[in-house]
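Notes to accompany the following structure.
The values are calculated or read from the model by the stated rules, or taken from the named source; none is laboratory data. Note that the structure is predicted; figures quoted are calculated from it, not measured. Please note: Cβ atoms are built from the backbone with ideal geometry, for glycine as well, and neighbour counts cover all protein chains shown. Remember, those area values only see protein heavy atoms, side chains included, never the ligands or the DNA or RNA. Shrake-Rupley method; radii C 1.70, N 1.55, O 1.52, S 1.80 Å.
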Amino acid sequence: MRNHEVVTETFDYDGGRHVTVYIPPDPPEAVVFAGDGQLISQWGGVLEAADVPSTMIVGVHRPADETLRLHEYSPGFDQERFAAHEQFFVEDVRRWTRSRFGVVLPAERSAVFGVSAGGELALAMGLRHPDVYGAVLCASPGAGFRPPGVMPSSVPRAYLVAGTLEPFFLENATRWAVALRDAGGDVVMTERAGPHGGAFWREEFPLMVAWAFGP
């Protein structure tokens, strides 16, 4: 049996930004692009242990400064910084993934995933680029990015989750689930007993991937 690999590359963006890629043991049948890459890229093992299609994780690292992270991940705070990160995330990283790993997958085999403020990034990228990401996987989103008054005519499939011990984030996730459903979206909204944190999100991740890419 082949072992998985983890590859980290440094890009010129923002003075040197890392992207870490989890390469599954078998050729990838699906790809998940994620913010907070230094965290999410380490979760490949939970996918290997689950009955899900072979999935590559492309994790774009966040900046160390939390304010800059929010400005990159959530439209409306700093439009210039958000737009620069959007181009890096959607265009540059995807182009590198194609050339470096030979992974070219259609939107229906591609998802964007995020937790907390990264959940806002996933929602924003999914709504703005439905031709790229066929599914949005969003855990415990913040409230900096809220559903627009007029939703796009076409919205991506979405799986949202939040915990009973994080009522603020549960309210945000529920608000998005209602808005996406009202816009005609295929939406799963799951409420779990759990707090705002990595273990809770990591346990949900394989369920999200199975929903996005399963039979």
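Here are a few things to note about the model shown:
- Arg181 vs. criteria in contact with a strand residue (DSSP E or B) (Cβ under 9 Å, 6 or more places away or on another chain), without any contact (Cβ under 8 Å) to a residue 24 or more places away in the chain and either within 30 Å of Val104 (Cα to Cα) or surrounded by 14 or more Cβ atoms within 10 Å (Cβ to Cβ) (or both): yes
- Number of residues in region 128-146 that are closer than 13 Å to Pro106 by Cα and either more than 11 Å from the chain's Cα centre (by Cα) or of a type outside the set (Ser, Thr, Tyr) (or both) equals 6.
- Boolean, Val103 is closer than 30 Å to Ala64 by Cβ, aliphatic (A, V, I, L, M) and at pLDDT below 95: yes
- Output for region 135-159, where each listed residue is among the polar types (S, T, N, Q) and without any contact (Cβ under 8 Å) to a residue 40 or more places away in the chain: Ser153, Ser154
- Residues within region 160-170 that are exposed (fewer than 15 other Cβ atoms within 10 Å of the Cβ) and touching a residue at least 12 places away in the same chain (Cβ under 8 Å), tallied: 3
- Criterion violated by Ala199 - all others in (1) at pLDDT below 95; (2) open to solvent by less than 20 Å² (accessible area, probe 1.4 Å); (3) part of a helix (DSSP H, G or I) satisfied: (2)
- Hits in region 75-125 - residues which are hydroxyl-bearing (Ser, Thr, Tyr) and either closer than 22 Å to Thr10 by Cβ or open to solvent by less than 10 Å² (accessible area, probe 1.4 Å) (or both): Thr97, Ser99, Ser110
- Yes/no for Val132 being open to solvent by 10 Å² or more (accessible area, probe 1.4 Å), touching a residue at least 40 places away in the same chain (Cβ under 8 Å) and in contact with a helix residue (DSSP H, G or I) (Cβ under 8 Å, 6 or more places away or on another chain): yes
- The lone exception for Ser154 - which of (1) surrounded by 14 or more Cβ atoms within 10 Å (Cβ to Cβ); (2) more than 30 Å from Asp12 (Cα to Cα) it fails: (1)
- In this structure, Thr97 qualifies as among the β-branched types (Val, Ile, Thr), assigned to a helix (DSSP H, G or I) and over 22 Å from Trp211 (Cα atoms).
- In the set Val112, Val150, Val161, only one residue is aliphatic (A, V, I, L, M) and under 17 Å from Glu29 (Cα atoms); that residue is Val112.
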